[in-house]
Amino acid sequence: MLMILGKPAPLLFGQLLLGIINGSFYAMLSLGLAIIFGLLNVINFAHGALFMVGAFVTWGLLHYLGIGYWPALVLAPVMVGAFGLGLERTLIRFTYKLDILYGLLLTFGLALVLEGLFTNAYGSSGVSYGAPDILSGTLNLGFMYLPVYRGFVVAAAIIICVAVWFVIEKTSLGALLRASTENPALVQAFGVNVPRVIALTFAAGVSLAGLAGVLAAPLYSVNPGMGTDLINTVFAVVVIGGMGSIGGAIITGFGLGIIQGFTEVYYPAASSVVVFAVMAVVLLARPAGLFGRAA
Amino acid sequence: MDLSRRNLLGGAAAGVAAASLPGTRARAASAKKLKIAVVSDFSGPYRDIGGPTSVACVEQAIADFGAKQKGYDVEVIRGDHQENPGVGTALARRFYDQGADLVIDVPNSAIGIAIEGVAHDKNRAYINTNSASSDITGKFCNAQTVHWTYDTYMLSHSTGGAIVKSGGKKWFFITADYAFGHLLHEQTAAVVKQMGGQVLGNINYPFPTTTDFSSYLIQAQASGADVLGLANAGKDTVNSIKQAHQFGLNKKMHIAGLLIFLNDVHGMGLEIAQGLTLTESFYWNLNDRTRAFMKRVKPRTPDNYPSMGQAGSYSGTLHFLKAVDAMNNMKDVKNGAAVVAQMKKMPTDDDAYGKNYIREDGRFMCPAYLFRVKSPSESKEPWDYYDLLATTPAKEAFMPMAAEGCPLVKA
C-alpha cells in the first residue's frame, strides 16, 4: 500500500474528502458572516444560533407539520431569514451608528437568548433528524465509503457559494448592495430605499445560516449548542479570509476544512487548535487577512 | 471575610461548624428545617441527565419520605454550575454557607471532584449522583462524600466485559480528551486486555469543540478492529453514533457507547440507537418498583424520564432524609461526617434502586444492568427503550476497596 508520511494513502484521500465536507459548512457559514460584516459592518455573533434555529426549524417542519426535507430546504432559510429581518428592524439597525462593539454585544446576547429558549423548550440532548431516503446509503469510492448525503452537501455548498459570490461581485444587484453600504447618502439620492436594502442584506446573510442549518440537520445531533460549537472556527475563517471578503471566506472555509482533516490524522489533539494557529500566522504576515484589503 | 472564617471553622471540627450557625438552630425550633441544594447543569450539555429532572426527583424523594407528616420543612434550592468547576465550587460554598445540609447531583467529574473538597472543608454532606470518575471514592474520597449511581470502573467492566465475552476482541477507542474520557478509556482498555482482547488504537479528540467525528470513524474502520469503544458522553456520543451510521460502521463494527443515558437514546432516536449495548444502574421499566416510582415522579417531569443519575438523586435524597430522621438530633445534621456515617450504617431501600448499601469509602453499592437498545418496532410505549441483557452484582460492579487507594479505608 502507498504510504505518505507514514499514513496509508487511501486514508489520506478519505481525509481530503472529509476536510472538503467540513470545509463546506465553514464556507457557507462564513459566507453569511462575511456578507453581513462586509456590507453592514456588523459582527454577527448570533450567526451560530441562527444556524441552530435553521436545523430546529427543519426538524419542526417534519415533526409538527409533516413537511419533509426538500420543502424544508427552501422553507427553513426563508423562515430564518424572515426572523433575521425582524431582528434587524427591531434591534440591530440601532447599532449601525454606534461603535462596532455594540453590535457584537447585542448579537452575542441574542445568541445566548436563542440558545436558552431552545434548551428550555427541547432540552440539551437534542432531537433526531434523518437524511431523506434518496440520499441515505453510501457510495464505494475505492479508497473509502462516502455517505451519499455528504456528497450532496458538498455539491450544494459549492453551488450556493459560487451563486452568492456571483450575485454580489458580478451583478447589478450586487453593485447596488455594495454602493448602498459604501455611500448610503449618494445611493439614496438616486431614489434607492437604502434601509430596506440593508435590512434585506442582513436577512439574506442570516438565511444562509438557516440553509446551512438545514444541510446540517441530518449530519449532526440537532441540539441547542450546535451553533456555538462551530461559530468560533467560523469566525477564525472570516478573519483569515479577510474580514468582509466574500471570495476569501469561501476559499478559506474549504482550505481550513482540509487542513483540519489532515491534522485529525497526524495529531488529533491539535485539530481544534490548528485553525487558530493558522489565524495567528496569517495575521502576523498579512494583518488584513489573506484576501482582505488593507484598511 | 465571612467565607474564610467559616472555612477555618468548618475544617477545624464538626461541632464547631454546627455552632457557627446559630440562626439555623433557632429557626429549627418549630419545624425541623432542612435545606437541600441541587447543583447541576441547567443550561448546557448535561441538562437532560441532571437539571430540572434531578430537582423533580429530589422533590419526589421528599414527598415519598413524608417530610411534612414527620415534622420536617425541607427546602430545595438549585444552582447552575455551567460546566465550570470555578462556578460549581463557588455555588457549593455559598449554598453550604447559606445553611444547605446537603449538596446533591453534580454531573461532570471535574466539578464533582472539586465540590468534594468544599464539602470536606465545610463538613457538610455531599452525595454525588451524576459524575463518572471512580476517583471520587478513590484517591479523593472523604468522610463527607457518598458516590451514588455509577462510575467509570462499573461502566468499563459491565459494558466492556460483556462485549469481549460475546466475541468482540479487537477494540478501537475514540476518547474525549479530558480526565473523564481518559479514565474511561484506560479502565475499559484494561478490561479488554485482561480478558484476552486487543486494543488496536485510540484517538483523543479535542473536547468540547468537536462536532464532526467522521475522520476518527474512518481511522477506526481502517484499523481492522471489530469494536468501536466510545469513551465520551452526551452530544459527543450522539454525534459519533449518528455519523458512524452514515459511514456504515454499524454494519461492520460493534459500537460500544461506554456512557449512554436513556435521555441520549431519546435524543438519538431508536432508528439510530437500536442495537447499542450500554450500562445503567436504573431503568424506569425494569421492575414493578421502578415502574411505581416512575408513575409517581412523571407528573413532575413529563417530557424527560429520569435516567440513572436523576433516579440516583431520588434514592440519595431519600436515604439522606432517613439517616437524618434516625439521628433524631438536628444539631448533628450540620456535621456532614456524622450524617454520612449514619447513612453508611443503614442499608438503603427505595423504589428506584431497591435494597443496597453504602461502602466504607462512600461508594453506593448497587447492581449494574447491561441493556440492549430496542428497535423502533420493539418499542411499545414512549420511552420504552431497553431490554435487559445481564446484571452484574454490586460486589463485582465496583472496584474493590483495596485497589482504590481511599485514605479513609486505610485509617
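The values are calculated or read from the model by the stated rules, or taken from the named source; none is laboratory data. Since the structure is predicted, the reported quantities are computational estimates derived from the model, not experimental observations. A quick note on method: Cβ atoms are made from the backbone with ideal geometry, for glycine too, and the neighbour counts reach across all protein chains shown.
Here are the numbers for this structure:
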item	result
First in the stretch A:1-24 and within 12 Å of A:GLY255 (Cα to Cα), second anywhere and loosely packed, with under 15 Cβ neighbours inside 10 Å and modelled with pLDDT of 75 or more, Cβ under 8 Å, 6 or more apart	A:LEU17/A:LEU141
In the stretch A:158-172, the residues that are assigned to a helix (DSSP H, G or I) and modelled with pLDDT of 90 or more	A:ILE158, A:ILE159, A:ILE160, A:CYS161, A:VAL162, A:ALA163, A:VAL164, A:TRP165, A:PHE166, A:VAL167, A:LYS170, A:SER172
Condition met for A:ALA209 (out of contact with any strand residue (DSSP E or B) (no Cβ under 9 Å at 6 or more places or on another chain), within 24 Å of B:LYS242 (Cα to Cα), aliphatic (A, V, I, L, M) and away from chain B (no Cβ under 14 Å))	yes
Long-range neighbours under 9 Å by Cβ, at least six apart or interchain, first residue away from chain A (no Cβ under 11 Å) within the stretch B:36-48, second hydroxyl-bearing (Ser, Thr, Tyr) and part of a loop (DSSP other than H, G, I, E, B)	B:SER40/B:TYR46
Any chance B:ASN232 is more than 11 Å from chain A (Cβ to nearest Cβ), of a type in the set (S, T, N, Q) and over 17 Å from A:TYR267 (Cβ atoms)	yes
Residue that is at the interface with chain A (Cβ under 9 Å from one of its Cβ atoms), more than 24 Å from A:SER221 (Cβ to Cβ) and of a type in the set (Gly, Ala, Ser), where the choices are B:ALA222, B:ALA189	B:ALA222
Wholly within the stretch A:1-114, helices (runs of 4 or more DSSP H) carrying at least 2 residues that are touching a Ser or Thr at 6+ places or on another chain (Cβ under 6 Å) and not charged (D, E, K, R)	A:9-40, A:69-90
Unique match (being in a helix (DSSP H, G or I) and without any contact (Cβ under 8 Å) to a residue 60 or more places away in the chain) among A:ILE240, A:ILE231	A:ILE240
Residue ranges of helices (runs of 4 or more DSSP H) in the stretch B:277-351 with at least 2 members on the phi > 0 side of the Ramachandran plot and buried (at least 22 other Cβ atoms within 10 Å of the Cβ)	none
Filtered residues of the stretch A:29-66 (kept if more than 13 Å from A:GLY227 (Cα to Cα) and under 11 Å from the mean Cα position of the chain (by Cα))	A:LEU31, A:GLY32, A:LEU33, A:ALA34, A:ILE35
Selected residue (only one of A:VAL214, A:VAL222 is crowded, with 23+ Cβ neighbours inside 10 Å, within 14 Å of chain B (Cβ to nearest Cβ) and among the aliphatic types (A, V, I, L, M))	A:VAL222
Subset of the stretch A:1-58 [within 11 Å of chain B (Cβ to nearest Cβ), of a type outside the set (Lys, Arg) and over 18 Å from A:GLY241 (Cβ atoms)]	A:MET1, A:PRO8, A:PRO10, A:LEU11, A:LEU12, A:PHE13, A:GLY14, A:GLN15, A:LEU16, A:LEU17, A:LEU18, A:ILE21
Hey, A:THR171 of a type in the set (Val, Ile, Thr), touching a residue at least 60 places away in the same chain (Cβ under 8 Å) and under 24 Å from A:LEU31 (Cα atoms) or not	no
Every residue from the stretch A:230-262 that is over 12 Å from the mean Cα position of the chain (by Cα), within 14 Å of chain B (Cβ to nearest Cβ) and buried (at least 24 other Cβ atoms within 10 Å of the Cβ)	A:LEU256, A:GLY257, A:GLN260, A:GLY261
Extreme residue, surrounded by the most Cβ atoms within 10 Å (Cβ to Cβ), among residues of the stretch B:65-98 that are farther than 28 Å from B:PHE293 by Cβ and among the polar types (S, T, N, Q)	B:THR89
